[in-house]
Amino acid sequence: MPSLYNQIRVIVRYIAAATVLCAALSITGCSSLERAFGTSTVKAAVKAEHDRKPAPDFTLKDVHGKPVKLSDYRGKVVLLNFWATWCGPCKIEIPWFMDFEQTYKDKNFAVLGISLDEDGWESVKPYIEEKKINYRVMVGTEQVATLYGEVDSLPTTFMIDREGRVAAVHIGLVNKSEYNHDILELLEAPQPNRGGIVVEPVLLRTK
Amino acid sequence: MALLSSLCCFGQSSNVLTLAPPEKVTAKIGSALQVKLPLELRPGYHCNSNKPSDEYLIPLKLTWAPGPLESPEVIYPPPQMEKYSFSPTPLSVYSGNFELLTKFKVSAAAMPGQVIITGKLKYQACTDRMCLQPKTIDVSIPIDIIK
């Protein structure tokens, strides 16, 4: 049973998200992404399991030319970030994601970056090398962006649970602590129930 | 030299950069003319100037297709240097209302009548928390060429 504190915290997060949603909708209207994944928030809390939709699968090549298939990450929590080298707010988040990759990579977590730069690797490869990005980055295609609701605004980040479902969507620059909260919440959730066995998660939070 | 204002309208509601419908423009054969494009960015948004502060940033760029008017020279307004939370240094941007000016020459060999000049305006807009994908807008302006 979740504690009263946790229940209140979840409610407060939903109210905050709804407030931001109202403000955002009054300015921008409803995007394809919002329609596709049932979220219309600039920032959204982790959704209840029954509200999560499957993350569309894709295969893209990383900077080394190796294929990256999202469904190969089933069983891991994935932070899937759409970004571009021309996107200033995206560049704030990248060092955070590098921290997350470093901190949680051995705890069934991975960051995947999809660049939407028009000139592809020409801009992306030097940037990856300059910033020493430690997670896998791919160059996106229009097809993949469409699968994820067109992704018109950057950064857009999908938190994907171990079952390969979209658990949260963050559009625009969000606090590092908010991502960290999402990651921990998803990592601490019981492992997928296969054959009636619930595997308890490894304790992640430091006391 | 005639100073002419020309306005366009863009169909996509997602565009945060807007113009008004085109006005009729008249120019004499053999003369020079200036075509003014007044632009308006949605409040809270900015776009990079034609000379952004960072090599990775996408500049505002107006290009004209070859057509009946010669030697187009686009004049961009002075940029604003604005500081945003996501950048350690001020950025060279445009926001609110601003105008692009293009100087043309009407050839002495031009024929009287209506012509349409077409161009493309590429921009990339952001707020202080997110950026929109680069967009290219078609610009189309009718010009009446007279003797």
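Coordinate-derived values only; no laboratory data. Here the structure is a predicted model, which means the values were calculated and not measured. Positions of Cβ are backbone-derived with ideal geometry, glycine not excepted, and every protein chain shown enters the neighbour counts.
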The set of residues whose placed amide H lies less than 5 Å from the amide H of A:THR156, leaving out same-chain residues fewer than 5 positions away, is A:PHE82, A:GLY172
In debye to the nearest 20, the charge dipole size for region B:15-147, taken about the Cα centre with +1 at each Lys and Arg Cβ and -1 at each Asp and Glu Cβ, equals 200 debye
Of the residues B:TRP64, B:SER107, B:ILE75, the Cα lying farthest along the dipole of chain B towards its positive end, which is defined by charges on the beta carbon of Lys, Arg, Asp and Glu, belongs to B:SER107
The whole-number value in µm²/s of the Stokes-Einstein translational diffusion coefficient for region B:2-146, with Rh from the Kirkwood sum over alpha carbon pairs at 4 °C and 1.567 mPa s, is 81 µm²/s
A correct Karplus calculation of ³J(HN,Hα) over region A:180-189, with 6.51 cos²θ - 1.76 cosθ + 1.60, θ = phi - 60°, whole Hz and x for Gly and Pro, returns 4, 4, 4, 4, 5, 4, 6, 6, 7, 5
With a Förster distance of 56 angstrom and the Cβ-Cβ distance between B:MET81 and B:LYS147, calculated FRET efficiency to the nearest 0.05 equals 0.75
Quick calc: nm separation of the 7 Å Cα→Cβ label points for A:THR103 and A:ARG165 -> 2.6 nm
In whole Hz, the Karplus estimates of ³J(HN,Hα) for region A:156-173 (6.51, -1.76, 1.60; θ = phi - 60°; x where Gly or Pro) are 10, 10, 9, 9, 10, 7, 5, 8, x, 10, 6, 9, 7, 10, 10, 10, x, 5
The long-range amide H neighbours of A:MET138, using H built 1.01 Å from N in the peptide plane and a cut-off of under 5 Å, are A:GLY113, A:ILE114, A:SER115
For B:THR26, other-chain or 5+-apart residues with amide H closer than 5 Å (H placed, Pro excluded) are B:ASP144
Assertion target for A:MET98, B:MET130, ordered by fewest C-beta neighbours within 10 angstrom first, is A:MET98, B:MET130
Once phi for every residue in region B:140-145 is put through the Karplus expression 6.51 cos²θ - 1.76 cosθ + 1.60 (θ = phi - 60°), the whole-Hz ³J(HN,Hα) values, with Gly and Pro written as x, are 9, 10, x, 10, 8, 9
Per-residue Cβ contact counts at 10 Å, fewest first, order B:HIS46, A:HIS181 as A:HIS181, B:HIS46
Once the in-chain neighbours fewer than 8 apart are removed, the aspartates and glutamates whose Cα is under 16 Å from B:LYS28 read B:GLU70, B:ASP144
Expected unfolding gain across A:GLU129-A:SER177 under the 0.36 nm per residue rule, minus the alpha-carbon gap, is 14.7 nm
